[in-house]
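Everything on this sheet refers to the single structure shown next.
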Amino acid sequence: MEAFKGQNILSFIKELPDDEACKAYLAKIKWQDGFKCMKCGHTKGCEKSGYRYHCYSCNHVESATANTLFHKVKFGLQKAFCVVFEMSTSSKSVSSIQMGKRFNIRQGTAWFFMQKVRKTMKSSQQYPLSELVHVDEFTVGGKEEGKQGRSYDSKKKKAVIAVELSKKHQIKRVYVRSIDDYSAKSLTPIFEEHISTTAQIVTDKWRGYSPLKKDYKIEQKFSNNGKNFKELHIVIMQLKSWLRAIPTHVSKWHVQAYFDEFCFRINRSQFKETIFHKTIERMVIAKPIYHKNIKRILSV
Ligand SMILES: [Zn+2]
């Protein structure tokens, strides 16, 4: 079986027509480098029917979904693959309410599974932004005042955004991080995780960025009502309108997962051919997440 390529939904249904085909697809990814028992680590075993492996050392029989984010998916693998297809290949995805209606899944169940997919959309932090990078803070939720800059409304969720621009000021990549306040301490992680020390960084005049100047090349410019950060504000507007269109409440605990999903689609818009397969691969590698842990894990 070949890796699925592209965004065509008819080809997708044709290539992965049922739960069995999806299970075969998972097994191929999971054991592409050979079998390794999840219980004892032994590498000798034999394939059994139903895309399972029998370990010769401890006799454990492992399914294709065991120890992956597809473990115990209640509504069937094909529907799970369809949700991943929708979230990864479309430009905006849909809400858990719409996803539930589309695939006949309860809204809460769809939401929980979508949170797992979002977890795999989190950046690996291996490729920091390295060219011209604009950084600014913004808020989401609460009442929109129509003005830019820092807001201290406690109902709003605060965030910091870094946008990498090409020489022609085209948006290349974006990272967004949820923050508790605008202090240098809160602003530092997005630099450490996503921006190279060699990048040419531009921020507004906010004093929270000053301590970072000792490690990063930061130029501080007057925002001029956002005119000096035009592209960055376009991305913020896109992110806000996408979040506003989500009919369910996005809590402070989970907003980071939505930021990760938004950035994942922008940063991989050039790689739509392989985006579905890569997302499935990430879901196979990721450790299972249980209901009781999702609030805590996703809020880290
Ligand atoms: Zn074993």
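Worth a mention:
- Qualifying position, being assigned to a helix (DSSP H, G or I), without any contact (Cβ under 8 Å) to a residue 40 or more places away in the chain, of a type in the set (S, T, N, Q) and touching a helix residue (DSSP H, G or I) at 6+ places or on another chain (Cβ under 9 Å), among Thr197, Thr188: Thr188
- Within the range 59-74, tally of residues that are more than 22 Å from Cys46 (Cβ to Cβ) and over 22 Å from the mean Cα position of the chain (by Cα): 1
- Residues in the range 249-278 that are of a type in the set (Ser, Thr, Tyr) and open to solvent by less than 20 Å² (accessible area, probe 1.4 Å): Tyr258 only.
- Residue identified as buried (at least 21 other Cβ atoms within 10 Å of the Cβ), closer than 30 Å to Trp242 by Cβ and at pLDDT 95 or above among Ile105, Ile29: Ile105
- Of the set (1) under 19 Å from Ser123 (Cα atoms); (2) assigned to a helix (DSSP H, G or I); (3) over 17 Å from the mean Cα position of the chain (by Cα), all apply to Tyr258 but (3).
- Out of Phe191, Phe229, one residue alone is open to solvent by less than 20 Å² (accessible area, probe 1.4 Å), touching a Phe, Trp or Tyr at 6+ places or on another chain (Cβ under 8 Å) and among the aromatic types (Phe, Trp, Tyr). It is Phe191.
- Test result for Lys28, assigned to a loop (DSSP other than H, G, I, E, B), within 29 Å of Cys263 (Cα to Cα) and more than 13 Å from the ligand (Cβ to nearest atom): no
- Pairs where the first residue, in the range 263-278, is polar (S, T, N, Q) and the second is open to solvent by less than 30 Å² (accessible area, probe 1.4 Å) and part of a helix (DSSP H, G or I), C-beta under 9 Å, 6+ apart: Ser269/Ile275
- Counted residues, the range 45-80 - those being more than 9 Å from the ligand (Cβ to nearest atom), open to solvent by 70 Å² or more (accessible area, probe 1.4 Å) and in a loop (DSSP other than H, G, I, E, B): 4
The values are calculated or read from the model by the stated rules, or taken from the named source; none is laboratory data. The model shown is predicted, which means the values in this text are computed figures rather than measured ones. No Cβ is skipped: glycine too gets one built from the backbone with ideal geometry, and neighbour counts run over all protein chains shown. Side chains included, ligands, DNA and RNA excluded: accessible areas come from the protein's heavy atoms. Shrake-Rupley method; radii C 1.70, N 1.55, O 1.52, S 1.80 Å.
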